[in-house]
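Read through the structure below, which is laid out as structure tokens, and then see the notes.
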Amino acid sequence: LYGGYQLNKHWLHLALPAGLASYLNDVLFLPLMLSLALAAHQTVYGRGATLPGTWVLAAWAGVALWFEGLLPLWSAQAVADPADVLA
């Protein structure tokens, strides 16, 4: 789903509903990133290992701080949106 959204955003340019176009990327990024982190964690600690809840909260806080707090200060393309933090 994330790959399809990126394909549409950069090459296909199909019209999407405003809510979907605004927040789908934000909703899908953290689960994708945490899935990759879980795969790496399980490679080291075994297939039964899970990510601690504090890691999930720290990942959410770190992504929110970077993309909604710091990045808009340095990039004209980035826009801070409090609804993205919830997404």
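The values are calculated or read from the model by the stated rules, or taken from the named source; none is laboratory data. None of the values given here were measured: they were computed from a predicted structure. Here the Cβ is made from the backbone with ideal geometry for all residues, glycine too, and neighbour counts use every protein chain on show. These area figures cover heavy atoms from the full protein model, side chains too; ligands, DNA and RNA do not enter into them. Shrake-Rupley method; radii C 1.70, N 1.55, O 1.52, S 1.80 Å.
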_What's the total number of residues in segment 35-69 that are in a loop (DSSP other than H, G, I, E, B) and of a type in the set (Gly, Ala, Ser)?_
3
_Suppose the filter is open to solvent by 60 Å² or more (accessible area, probe 1.4 Å) and either among the polar types (S, T, N, Q) or assigned to a loop (DSSP other than H, G, I, E, B) (or both); does residue 16 pass it?_
yes
*When the residues of segment 24-38 are filtered to those that are open to solvent by less than 60 Å² (accessible area, probe 1.4 Å) and farther than 17 Å from residue 66 by Cβ, which remaining residue is modelled with the highest pLDDT?*
38
*Check residue 2 against each of (1) open to solvent by 50 Å² or more (accessible area, probe 1.4 Å); (2) free of Cβ contacts under 8 Å to residues at least 24 places away in the same chain and name the one condition it does not meet.*
(2)
